[in-house]
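Right, one structure below, let's go through it.
The values are calculated or read from the model by the stated rules, or taken from the named source; none is laboratory data. Computed from a predicted structure; not experimentally measured. Please note: Cβ atoms are built from the backbone with ideal geometry, for glycine as well, and neighbour counts cover all protein chains shown.
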Amino acid sequence: MQTAAPLVTNDAVVLGILAAILGLVFWTSSRPSGFWKRFYTYVPALLLCYLVPAILNTLGVIDGHASKLYPVARDYLLPSALVLLCIAIDFGAIVRLGPKAIVMFLTGTVGIMFGAIASFEIMRLIHPETVAGETWRGMTTITGAWIGGGANQAAMKEVFEVDATLFGQFVAVDVLVANVWMAVLLFLASRAQAFDRWTGADLSAINALKARIETYQAEHARMPTLTDFMIILAVGIGVTGLSHALTGPTVGWIAGLPQEWRLQDYSLTSSFFWIVVFATTFGLLLSFTRARSLEGAGASTIGSAMLYFLVATIGMQMDLNALLDRPWLFLLGLIWISVHGGLLLLVAKLIRAPLFFMAVGSQANVGGAASAPVVASAFHPALAPVGVLLAVLGYALGTYGAYLTGLMLRALAT
């Protein structure tokens, strides 16, 4: 972790740096020829929006953990983006994407559980000291985080009585490995056509959804006015405000229910969980109303811009210096995520699933609702809600999967 004070501590300046990075990436990626055209043939623009802030954080120019920009982007920009991206969605078409999306999501869940066992045994052969003692307890917290989210991670900390120091070390492993994996998925997204040819995937449902959105956009496109922009922001930010307003009473009511129901273990007392659920739900409901016409004025474009700022603030959380604390733990994490990815590749090939289902199914597990729509939108902005819906499912499964994995790890360790 960073020890020296970062060069830039003022969040206003950090925000300016992030805006400049995003602007520069988009400007260079729009060049029709020359070096940048060749460069972006191999390096996705979205990946740079994520990695450049990560490099600045690692070098100590900024400090992503001390900055308040990520919580702001997560709690305000992400819900607003989800509302605006959902407005133009064809909910029926999402349903018609078929069962392969669920199959790949559940494969990702099983991959994380099996990956925990496999990485534990592999590290016992490579470097036994890494998995000696209480290490298995810390691994349960990553399992909770990678299947569900922060609430599931905290639940495992309590259930398996994880020491605070060990917990902190595995939080570092979680952050670094999950961010590296997200970078891999964003890179793969730019190679989707080659992957789908390899698996022989049937893209008809996904292409039909994208085509319906693009047709709607073309038919209703107009030169936006200031009034259009103000209404779009009013809808996006207004629904976000409503989601926050409803979240407080909802969480309070659930927290008052009998403790033996352990609803907190399933993220049901998490404010962020309910903010995302409400924002997505209202956005989908608005897609059935005249609000859908806002797409013609660029609602999803503004939503995508908000999402890119979220991407930059997510990148700020990554610090490669964390490797210096317990480097062997990071090898454990890399083996773990590799097993998860390998199983996804195998099943994708067997059932001829598109890369979209594999990538979003994986990120809905590992990254949750904050980043699953980012990966989904790398394929098409219209697909962002699919990532959110799967991530919500992950919150529900996180505690069950992590608890079962913890029991197996405990048996291996004794």
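Values for this structure:
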item	result
The listed residue being among the polar types (S, T, N, Q), at pLDDT 85 or above and in a helix (DSSP H, G or I), out of 207, 179, 152	207
Checklist (1) outside any helix (DSSP H, G or I); (2) in contact with a helix residue (DSSP H, G or I) (Cβ under 7 Å, 6 or more places away or on another chain) applied to residue 133, failing item	(2)
Residue count, the range 83-93 (criterion: under 14 Å from residue 373 (Cα atoms) and either part of a helix (DSSP H, G or I) or among the hydroxyl-bearing types (Ser, Thr, Tyr) (or both))	4
Index of the failed condition, residue 227 passing every other in (1) within 17 Å of residue 294 (Cβ to Cβ); (2) in contact with a Pro (Cβ under 9 Å, 6 or more places away or on another chain); (3) not aromatic (Phe, Trp, Tyr)	(2)
Count of the range 214-226 residues which are part of a helix (DSSP H, G or I) and either among the basic types (Lys, Arg) or modelled with pLDDT of 90 or more (or both)	1
Verdict on residue 362 being of a type in the set (Ser, Thr, Tyr), within 25 Å of residue 217 (Cβ to Cβ) and at pLDDT 80 or above	no
Residue list for the range 54-82, filter: farther than 21 Å from residue 181 by Cα, in contact (Cβ under 8 Å) with a residue 24 or more places away in the chain, part of a helix (DSSP H, G or I) and of a type outside the set (A, V, I, L, M)	75, 76, 79, 80
Residue check, residue 406 under 25 Å from residue 263 (Cα atoms) and assigned to a helix (DSSP H, G or I)	yes
Residue 314 vs. criteria in a helix (DSSP H, G or I) and modelled with pLDDT under 90	yes
The lone exception for residue 202 - which of (1) touching a Lys or Arg at 6+ places or on another chain (Cβ under 7 Å); (2) free of Cβ contacts under 8 Å to residues at least 24 places away in the same chain it fails	(2)
From 383, 350, 320, residue being at pLDDT 85 or above and either surrounded by fewer than 24 Cβ atoms within 10 Å (Cβ to Cβ) or closer than 25 Å to residue 88 by Cα (or both)	350
Residue 66, sole failed condition from (1) touching a Pro at 6+ places or on another chain (Cβ under 9 Å); (2) within 26 Å of residue 382 (Cβ to Cβ); (3) surrounded by fewer than 17 Cβ atoms within 10 Å (Cβ to Cβ); (4) of a type in the set (A, V, I, L, M, F, W, C)	(2)
Of all residues making up the range 214-254, the number that are under 14 Å from residue 78 (Cα atoms) and without any contact (Cβ under 8 Å) to a residue 12 or more places away in the chain	2
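Residue-by-condition table, conditions (1) modelled with pLDDT under 85; (2) surrounded by 14 or more Cβ atoms within 10 Å (Cβ to Cβ); (3) of a type outside the set (Ser, Thr, Tyr):
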{"site": "228", "(1), (2), (3)": "no, yes, yes"}
{"site": "235", "(1), (2), (3)": "no, yes, yes"}
{"site": "243", "(1), (2), (3)": "no, yes, no"}
{"site": "252", "(1), (2), (3)": "no, no, yes"}
{"site": "257", "(1), (2), (3)": "no, no, yes"}
{"site": "267", "(1), (2), (3)": "yes, yes, no"}
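To keep it simple, each residue is scored yes or no on (1) within 28 Å of residue 171 (Cα to Cα); (2) at pLDDT 90 or above; (3) in contact with an Asp or Glu (Cβ under 9 Å, 6 or more places away or on another chain).
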position	(1), (2), (3)
2	yes, no, yes
5	yes, no, yes
24	no, yes, no
28	no, yes, no
49	yes, no, no
53	yes, yes, no
58	yes, no, yes
67	yes, yes, yes
73	yes, yes, no
